[in-house]
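In what follows, a single structure is set out as C-alpha cells and then discussed.
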Amino acid sequence: MRPNIIEQVDTTFIITIGISFFLLIVITITMIVFVFRYNKKRNPVPSNISGNTLLEIIWTVIPLILVMIIFFSGYTGFKNMRDAPENSMVVKVTGQMWKWTFEYANKKISDTLFVPVGQPIKLEIYSVDVNHSLYLPAFRVKEDAIPGRVNYLWFQPMYEGTFDIACAEYCGLSHSLMYSKLVVLPENEFYEWYNKSQPIDSTINIRNTDTQK
Ligand SMILES: [Cu+2]
C-alpha cells in the first residue's frame, strides 16, 4: 500500500505550522524579557559582548535540524506524488477557457470526472489555449496545464463522494467559473457508466445539479 498523499501533505503542513508557531512564541517571549531586563535604565553602561561560540553553534544547529525535518517531510511526499502507481487508470484532462474535459481510455468524453473507488487515477494534463492549473483540494494535488506540454498528477480516492475540481491559475475572464466535479463511484456503477455509450447530457446534468448546491 502506497503512503497516503493527503496524510503526507497534511503532516508537512502541521509540522511547518507547528515549528513556526513554536518559534513565534519563543522569540516573542525572549524579546519582551530582554526589553525589560536589558533596557537603558537598568544598564546605563552596557557590557561589551564580542561573541559566544556555544550560542552560535546552538542557533546554527537547531534551525538546521528544523529545516531538515521540513525538507525531509516535504521531499518524501513530493516523491510519492511524482510516482504514479503502475496500475493507475489513465484519464486525459484538457483545460481550455473555461472548462475541463476528461477523456478515458475507451475515448469516452465527459465534463465530470467519474472514477471507481479505491483505484489509483493518473491524470494526464493538457491545455489547448493558456496556462491553467488542475486542482483537487480534497486530495491535496494540483498541477499546471501548459499548452504544448503534458503534465500529470495521481491520486487514489478511498471513499465514494463528490469533490470539487478547480482551476487554480488565473486564465482569463471566466476563470472563477472554471469548476468541475470529481465523482467517486462504486466499481460496478463506474463500469456501468464507462461501458455505456451514452450522450454526454447525463453527465452535464449531474455536474450542474452539484454546482448549484
Ligand atoms: Cu483556467
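The values are calculated or read from the model by the stated rules, or taken from the named source; none is laboratory data. Treat the numbers as computed from the prediction; the structure is a model and nothing was measured. Here the Cβ positions follow ideal geometry from the backbone for every residue, glycine too, while neighbour counts run over all protein chains shown.
Would the stretch 35-53 turn up any residue that is under 30 Å from MET158 (Cβ atoms) and not assigned by TED's automatic domain parsing to the domain that holds VAL150?
Checked against the condition, which is being under 30 Å from MET158 (Cβ atoms) and not assigned by TED's automatic domain parsing to the domain that holds VAL150, the stretch 35-53 yields no hits at all.
Among the residues of the stretch 140-158, write down those that are of a type in the set (A, V, I, L, M) and either over 19 Å from SER88 (Cα atoms) or not in a loop (DSSP other than H, G, I, E, B) (or both).
Listed by number, the residues that qualify are VAL141, ALA145, ILE146, LEU153.
Please find, within the stretch 161-172, the residue that is surrounded by the most Cβ atoms within 10 Å (Cβ to Cβ) out of those that are within 12 Å of the ligand (Cβ to nearest atom) and touching a residue at least 24 places away in the same chain (Cβ under 8 Å).
So, considering only residues that are within 12 Å of the ligand (Cβ to nearest atom) and touching a residue at least 24 places away in the same chain (Cβ under 8 Å), the one surrounded by the most Cβ atoms within 10 Å (Cβ to Cβ) is CYS167.
Would you be able to tell me the number of residues in the stretch 140-162 that are modelled with pLDDT under 95, aliphatic (A, V, I, L, M) and over 23 Å from GLY74 (Cβ atoms)?
Number of matching residues: 0.
Please enumerate the residues belonging to the stretch 140-160 that are within 15 Å of the ligand (Cβ to nearest atom) and among the aliphatic types (A, V, I, L, M).
If the condition is that a residue be within 15 Å of the ligand (Cβ to nearest atom) and among the aliphatic types (A, V, I, L, M), then ALA145, ILE146 are the ones that fit.
Kindly list the number of the only condition in (1) in a loop (DSSP other than H, G, I, E, B); (2) farther than 28 Å from TYR179 by Cβ that fails for ALA84.
Every listed condition holds for ALA84 apart from (2).
Just to verify a result, which residue in the stretch 39-81, among those that are part of a helix (DSSP H, G or I) and among the polar types (S, T, N, Q), is nearest to LYS142 (Cα to Cα)? Walk me through how you get there before you give the answer.
Within the stretch 39-81, the first condition is being part of a helix (DSSP H, G or I), and the residues that meet it are 53-81.
After this cut, where a residue has to be among the polar types (S, T, N, Q) as well, the list is 53, 60, 73, 76, 80.
Details: THR53: 45, THR60: 34, SER73: 18, THR76: 17, ASN80: 14 Å.
Among those that are part of a helix (DSSP H, G or I) and among the polar types (S, T, N, Q), it is ASN80.
Going through LEU113, LEU64 one at a time, which residue ends up being more than 21 Å from the chain's Cα centre (by Cα), modelled with pLDDT of 95 or more and not aromatic (Phe, Trp, Tyr)?
The match here is LEU64.
Where in the stretch 87-139 are the strands (runs of 3 or more DSSP E), entirely inside, with at least 2 residues that are within 14 Å of the ligand (Cβ to nearest atom)?
Ranges flagged: 89-96, 99-103, 121-127, 132-136.
Output the residue which, of all residues in the stretch 79-98 that are out of contact with any strand residue (DSSP E or B) (no Cβ under 7 Å at 6 or more places or on another chain) and of a type in the set (D, E, K, R), is nearest to THR12 (Cα to Cα).
Only one residue fits best here, namely LYS79.
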